[in-house]
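The block underneath contains the structure these notes are about, expressed in structure tokens.
The values are calculated or read from the model by the stated rules, or taken from the named source; none is laboratory data. Here the structure is a predicted model, which means the values were calculated and not measured. As a convention, Cβ positions derive from the backbone with ideal geometry for all residues, glycine included, and neighbour counts pool all protein chains shown.
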């Protein structure tokens, strides 16, 4: 299988890039403005060409390796609706999306993949964004398709709906098919975390796993300026509590042999998950390491695109390109 070349912008902890690598793509450049995320990428793939830079300042003329690539991929920060961003002090997320589309002008990849919120696909609040993308890509000779994928359909033990745009040069577009689910039954929280919960000799690991029969709620990384790490908003915390997990914070380690699991006692009687377990819920491989302190590591994990989704998208794009 020939390795296809790609650029990944807003690469974060590397979930999308890792999935594309598994699909037979080779990165020529990975870009992110977060120093710790860049450390994570270099820690795991020292051979990757990682550039710490704001996408809005990136000039491909200074990086000739960004030209003549097969794919430009972008797991962008979550774009806010028109009503939300008009109340905010900045429009950074939309600026990054526009910068990605303008980068298509410069590097002319054969394909483009953008991953973002599901609402970007068809919600009226994002019609202005879709209109901008449509006019720019059609002008450049691309055809495109919007769709929503659920990571749980690709073996990720998490309910995570992702809005996706795939654009291809017109001559390749008719051969493109969105990825189809790779699993018939979703992987539950209990199945995904049972072994790690038992790794320090906790005797109730099997009992906990046996009742944790849901797919995990969506992990939320939070903002860079937000306080400590937790597993999401109030509704998400309630869903976790139903399987005996205290989602108010992360633990430094899994339960030991003396931990008494008794959810009737409230949060103190529930288990907490660790960053390592959060990475399992995103389907990162066991050996993938994250730089930084506990909260910073969790933000990278929560913001990541699960690698199996990136792999599925990469294989669909490969097929459309005749590779």
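Screening the candidates 310, 244 for the property of being outside the structural domain of residue 75 (by TED's automatic domain parsing) and either buried (at least 22 other Cβ atoms within 10 Å of the Cβ) or touching a strand residue (DSSP E or B) at 6+ places or on another chain (Cβ under 7 Å) (or both) yields one hit, 244. Of the helices (runs of 4 or more DSSP H) lying entirely inside the stretch 181-282, those containing at least 3 residues that are touching a residue at least 60 places away in the same chain (Cβ under 8 Å) and either within 24 Å of residue 299 (Cβ to Cβ) or under 22 Å from the mean Cα position of the chain (by Cα) (or both) are 189-197, 275-281. Going by the structure shown, is residue 240 out of contact with any helix residue (DSSP H, G or I) (no Cβ under 8 Å at 6 or more places or on another chain), under 26 Å from residue 116 (Cα atoms) and modelled with pLDDT of 95 or more? Yes; evaluated as a whole, the condition is true for this residue.
Every listed requirement among (1) in contact with a helix residue (DSSP H, G or I) (Cβ under 6 Å, 6 or more places away or on another chain); (2) buried (at least 22 other Cβ atoms within 10 Å of the Cβ) is met by residue 166 save one, (1). Among the candidates 176, 144, 172, the residue that is in a helix (DSSP H, G or I), in contact with a strand residue (DSSP E or B) (Cβ under 9 Å, 6 or more places away or on another chain), modelled with pLDDT of 95 or more and assigned by TED's automatic domain parsing to the domain that holds residue 93 is uniquely 172.
For residue 34, the criteria (1) closer than 16 Å to residue 304 by Cβ; (2) surrounded by fewer than 19 Cβ atoms within 10 Å (Cβ to Cβ) hold in every case but one, which is (2). Residue check: is residue 113 in contact (Cβ under 8 Å) with a residue 40 or more places away in the chain, under 18 Å from residue 16 (Cβ atoms), touching a strand residue (DSSP E or B) at 6+ places or on another chain (Cβ under 9 Å) and assigned to a loop (DSSP other than H, G, I, E, B)? No.
Of all residues in the stretch 247-266, those being surrounded by fewer than 17 Cβ atoms within 10 Å (Cβ to Cβ) and either over 18 Å from residue 202 (Cα atoms) or not assigned by TED's automatic domain parsing to the domain that holds residue 295 (or both) number 5.
All of (1) in a strand (DSSP E or B); (2) under 24 Å from residue 169 (Cβ atoms) hold for residue 51 with one exception: (2). Within the stretch 40-50, the only residue that satisfies the criterion of being within 12 Å of residue 292 (Cα to Cα) and surrounded by fewer than 17 Cβ atoms within 10 Å (Cβ to Cβ) is 43.
Per-residue answers, yes or no, for (1) in a loop (DSSP other than H, G, I, E, B); (2) at positive phi; (3) at pLDDT below 95:
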site: 31; (1), (2), (3): no, no, no
site: 39; (1), (2), (3): no, no, no
site: 69; (1), (2), (3): yes, no, no
site: 72; (1), (2), (3): no, no, no
site: 78; (1), (2), (3): yes, no, yes
site: 85; (1), (2), (3): no, no, yes
site: 94; (1), (2), (3): no, no, yes
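In the stretch 286-307, the qualifying residues are those that are in a loop (DSSP other than H, G, I, E, B) and either assigned by TED's automatic domain parsing to the domain that holds residue 9 or surrounded by 24 or more Cβ atoms within 10 Å (Cβ to Cβ) (or both), and the one that is farthest from the chain's Cα centre (by Cα) is 290.
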